[in-house]
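Enquirer: Structure provided below as structure tokens; questions to follow.
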Amino acid sequence: METPVLEDPDLLRKGRVDSILPLAILFEGSLVLVAWGLSWLWGQSLWKHLADATAAQYFRSILLGLLATLPLLASLLVSRRLPGAAWRRLRQVVDDQLLPMFAGSSWWGLLLLSVAAGLGEELLFRAVLQESVAGWLGGEFGGWWALVIVSLLFGICHWVTPAYGVFAALVGAYLGLLYWSSGGLVAAVVAHAAYDFFALMWLLRTVVPGGGQPRD
């Protein structure tokens, strides 16, 4: 039996997927523990942000989250066509560096990653940080300042390029407003997870990972 050639790009790509995807899921999932630890330290209850009173309210929150995904996906489509060096650089980084890490991933693996990211990041940034900062600042505009501050922090934590950081900050503000307007975290978690999943699936199917060119 022949020994596999380590330089084979297919083998290298599969090796990256096998290692990166579980690590990404583990990292995003660990944010739930970080959120829980901070909420315990600061005397908050995470469950109240996820617990809607009835099944009907859960259903409405899930439906609202799915509908709220549509503007996010539309913004992704727009960002793929915006002119300018900053947006070209963003597309280059996504196509040539980020997408190859997930090329060949199963749909259920990407779904699990998206759910972990939606739950972990929304618990941490919206339920814990946004609520805590609003409480610390207080006053009539404390909540709005908290939205701005946490959205900027969200953008910084997703800083791959300046354009990506700005885009992520705007998405963070959108999800923060969704969290407020819906009266709970379920809609924001669903919107975040659904956006990540559909965006990854669409990009991996329409862009040649590492080539930066649309598929035929």
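The values are calculated or read from the model by the stated rules, or taken from the named source; none is laboratory data. From a predicted model like this one, the values you see are computed outputs, not experimental measurements. Here Cβ is always computed from backbone atoms with ideal geometry, including for glycine, and neighbour counts include all displayed protein chains.
Enquirer: Which of the following residues is surrounded by 15 or more Cβ atoms within 10 Å (Cβ to Cβ), at pLDDT 95 or above and over 14 Å from the mean Cα position of the chain (by Cα): Val189, Val133?
Expert: The unique qualifying residue is Val133.
Enquirer: Take the conditions within 16 Å of Gly165 (Cα to Cα) and more than 18 Å from the chain's Cα centre (by Cα) and apply them to Arg80. Does it pass?
Expert: Considered against the rule, which asks whether it is within 16 Å of Gly165 (Cα to Cα) and more than 18 Å from the chain's Cα centre (by Cα), Arg80 comes out as no.
Enquirer: Say whether the condition of being at pLDDT 95 or above, surrounded by 15 or more Cβ atoms within 10 Å (Cβ to Cβ), within 23 Å of Trp180 (Cα to Cα) and in contact with a helix residue (DSSP H, G or I) (Cβ under 7 Å, 6 or more places away or on another chain) is met by at least one residue in the range 95-114.
Expert: There is at least one residue in the range 95-114 that is at pLDDT 95 or above, surrounded by 15 or more Cβ atoms within 10 Å (Cβ to Cβ), within 23 Å of Trp180 (Cα to Cα) and in contact with a helix residue (DSSP H, G or I) (Cβ under 7 Å, 6 or more places away or on another chain).
Enquirer: Now for a separate question. I need a count of the residues in the range 114-159 that are more than 13 Å from Val189 (Cα to Cα) and part of a helix (DSSP H, G or I).
Expert: So the count comes out to 26.
Enquirer: In the list Val133, Val128, Val150, Val166, which residue meets the criterion of being in contact (Cβ under 8 Å) with a residue 60 or more places away in the chain and of a type in the set (Val, Ile, Thr)?
Expert: The conditions single out Val128.
Enquirer: Any residue that is under 17 Å from His192 (Cβ atoms) and either under 18 Å from the mean Cα position of the chain (by Cα) or not aromatic (Phe, Trp, Tyr) (or both) - is there at least one of those in the range 91-109?
Expert: no
Enquirer: Return the residues of the range 83-94 that are surrounded by 13 or more Cβ atoms within 10 Å (Cβ to Cβ) and of a type in the set (A, V, I, L, M); say none if nothing qualifies.
Expert: Scanning the range 83-94 gives Ala86, Leu90, Val93, Val94.
Enquirer: Just wondering, is there one or more residues in the range 169-185 that are within 12 Å of the chain's Cα centre (by Cα), surrounded by 22 or more Cβ atoms within 10 Å (Cβ to Cβ) and either over 20 Å from Phe27 (Cβ atoms) or not aromatic (Phe, Trp, Tyr) (or both)?
Expert: Yes - at least one qualifying residue is present in the range 169-185.
Enquirer: Report whether or not Ala86 is touching a Pro at 6+ places or on another chain (Cβ under 8 Å), modelled with pLDDT under 95 and of a type in the set (Gly, Ala, Ser).
Expert: Yes; evaluated as a whole, the condition is true for this residue.
Enquirer: Give me the pairs, please: first residue somewhere in the range 67-92 and acidic (Asp, Glu), second residue anywhere and modelled with pLDDT of 95 or more and part of a helix (DSSP H, G or I), beta-carbon distance under 8 Å, and either six or more positions apart or on two chains.
Expert: Qualifying pairs under 8 Å: none.
Enquirer: Given the options Ala68, Ala127, name the one that is touching a Ser or Thr at 6+ places or on another chain (Cβ under 8 Å), surrounded by 16 or more Cβ atoms within 10 Å (Cβ to Cβ) and under 20 Å from Gly183 (Cα atoms).
Expert: Ala127
Enquirer: Run Tyr164 past the list (1) closer than 25 Å to Ser61 by Cβ; (2) hydroxyl-bearing (Ser, Thr, Tyr); (3) surrounded by 16 or more Cβ atoms within 10 Å (Cβ to Cβ) and report the number of the one that doesn't hold.
Expert: (1)
Enquirer: Just one of Gly155, Gly138, Gly120 is farther than 20 Å from Ser75 by Cβ and surrounded by fewer than 21 Cβ atoms within 10 Å (Cβ to Cβ); which is it?
Expert: Just one listed residue meets the conditions, Gly138.
Enquirer: Additional query: Take the residues of the range 23-57 that are surrounded by 12 or more Cβ atoms within 10 Å (Cβ to Cβ), among the aliphatic types (A, V, I, L, M) and closer than 30 Å to Phe102 by Cα: which is modelled with the lowest pLDDT?
Expert: The qualifying residue modelled with the lowest pLDDT is Leu50.
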